[in-house]
Amino acid sequence: MQAARASLPEVMGRIEGELRTLADLSLAVQEGLSETLTSEAITREGLRSAQNLDLITQSLAATAAFMRALVDQVPSEVSVRPDLAAAHLTLAKLAERLAGAETGRLPESEDDFLF
């Protein structure tokens with residue numbers, strides 16, 4: 001039995017979705033830490049870390065937009081085997097989502113996290 005192929009734009013759209021979800025999570029972390037990050041007691045190193053977190057958030061969102069622009073340029077007839085690429089990932093749920101085996105988003109319940 002041959003493994004399922006998927007259109008490249010569809011797989012790229014999944015990647016875009018993951019990037020957008022990560023950007024949203026990063027923003028939520030920033031907002032959760034905002035009181036600490038704006039306190040007068042923050043160190044120079046802490047400020048640099050806050051700026052890096054903001055850069056990560058913006059870069060994830062921008063990369064998602066870049067991926068969306070590429071998706072719109074790729075013919076839907078181009079197909080790939082996302083399962084082969086997903087086999088290299090160490091996060092099982094992420095691999096499932098990117099391979100198309102699961103359509104859910106990142107864990108929403110605290111029970112889904114390890115710590």
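The values are calculated or read from the model by the stated rules, or taken from the named source; none is laboratory data. Computed from a prediction, not measured in an experiment: that's the story for all the values here. Cβ coordinates were reconstructed from backbone atoms using ideal geometry, including for glycine residues, and neighbour counts include every protein chain displayed.
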Exercise. For residues that are surrounded by 15 or more Cβ atoms within 10 Å (Cβ to Cβ) and over 18 Å from Leu19 (Cβ atoms), tally how many sit in the stretch 81-94.
Key: 2
Practice problem: From the list Ala69, Ala61, Ala23, Ala28, pick out the single residue that is within 21 Å of Ala95 (Cα to Cα) and out of contact with any Leu (no Cβ under 7 Å at 6 or more places or on another chain). | Solution: Ala61
Quiz item: Has the stretch 22-40 got any residue that is touching a Ser or Thr at 6+ places or on another chain (Cβ under 9 Å), of a type in the set (Val, Ile, Thr) and more than 26 Å from Ala101 (Cβ to Cβ)?
Solution: yes
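Does the stretch 40-56 include one or more residues that are surrounded by fewer than 17 Cβ atoms within 10 Å (Cβ to Cβ) and under 14 Å from the mean Cα position of the chain (by Cα)?
yes
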Quiz item: Hey, does the stretch 80-101 have a residue that's in contact with a strand residue (DSSP E or B) (Cβ under 7 Å, 6 or more places away or on another chain), modelled with pLDDT of 90 or more and over 23 Å from Asp24 (Cα atoms)?
Solution: yes
Exercise. Name every residue in the stretch 21-39 that is farther than 16 Å from Ala61 by Cβ, of a type in the set (Gly, Ala, Ser) and either in a helix (DSSP H, G or I) or under 24 Å from the mean Cα position of the chain (by Cα) (or both), in order of residue number.
Key: Gly32, Ser34
Quiz item: Just one of Arg48, Arg68 is basic (Lys, Arg), in contact with a helix residue (DSSP H, G or I) (Cβ under 6 Å, 6 or more places away or on another chain) and in a helix (DSSP H, G or I); which is it?
Solution: Arg68
